[in-house]
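Input: a single structure, listed below in structure tokens.
The values are calculated or read from the model by the stated rules, or taken from the named source; none is laboratory data. Fair warning: this is a prediction, and the values are worked out from it, not measured in the lab. What goes into the accessible areas is simple: the full protein's heavy atoms, side chains included, and nothing from ligands, DNA or RNA. Shrake-Rupley method; radii C 1.70, N 1.55, O 1.52, S 1.80 Å.
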Amino acid sequence: MKYYKIRTLDNDGIFPLKTKKFLFKMIKREYGYGYIPKYHGDIKNLEEVYLNNKRNSFFIAQDKDENIIGTLAIREYDREFEQFNNLYCRDSTASIWRAFVDENYRRLGIASALVNEAEKFSKNTRYKKIYLHTHKNVDGALEFWKSLDYNITLDTDNHLQTVHMEKNISNVLGNIDSNIKDSIAYI
């Protein structure tokens, strides 16, 4: 039986640094490259982007030894894709970033638990929909998001195999007045 805990990342302790290390390890493993300023500035500025902005949040999953085994960030929509002019805005659209689960903990419900917390946070923050993009070449990613009722809005068919998706969160369940502290599961 494996244990994990989902919590909101905060500025206390060493977890922001541990989170950055985990993220760069996962990016290297999944995509085969390291830090690229154009794509990873939010990781370098984790505290400013996610922890010091009330409309953004960062969730981590930890094992029994408090090792980070999963992450998921949520923030105001801030992309400038020509295809989405006037479709998404900061006030009403959140976007998912940095969704990773350590390969030894996959298929145990951790990613779904992280998404659930991000959706509740987004609803509580009065977002109306959530945007994300994923890649068809990341094993299981597209199927995972579809299983959680995210809909494809654009399949770019580009060299990165990028797929843009969204979900209306007005029907997301959960007590929107609660603030996540810790969620614990034994699987």
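Can you tell me what percent of all Cα-Cα pairs in the range 59-150 are more than 17 Å apart? Everything past 17 Å amounts to 53 percent. Per residue, the convex hull around the alpha carbon atoms of the range 8-70 comes to 87 Å³. Note: relative contact order over the chain, using C-alpha pairs below 8 Å and six or more positions apart, is 23 percent. Taking the protein heavy atoms of the chain in the context of the full set of protein chains, the accessible area attributed to carbon and sulfur is 46 percent at 1.4 Å.
Average accessible surface for the chain: 56 Å² per residue, computed with a 1.4 Å probe over protein heavy atoms with every protein chain in place. Here the range 104-126 and the range 1-61 have alpha carbon centers that stand 15 Å from each other.
Does the range 1-43 come out rounded, prolate or oblate, given a ≥ b ≥ c as the square roots of the eigenvalues of its C-alpha gyration tensor, rounded meaning a/c under 1.5 and, failing that, prolate meaning a/b above b/c? Oblate, because a/c is 1.5 or more while a/b does not exceed b/c.
Each principal axis of the Cα cloud of the chain was taken in turn, and the coordinate range along them, longest first, works out to 44, 40, 31 Å. Normalised by the number of residues in the range 37-80, the mean separation of alpha-carbon contacts (under 8 Å, six or more apart) gives a relative contact order of 29 percent.
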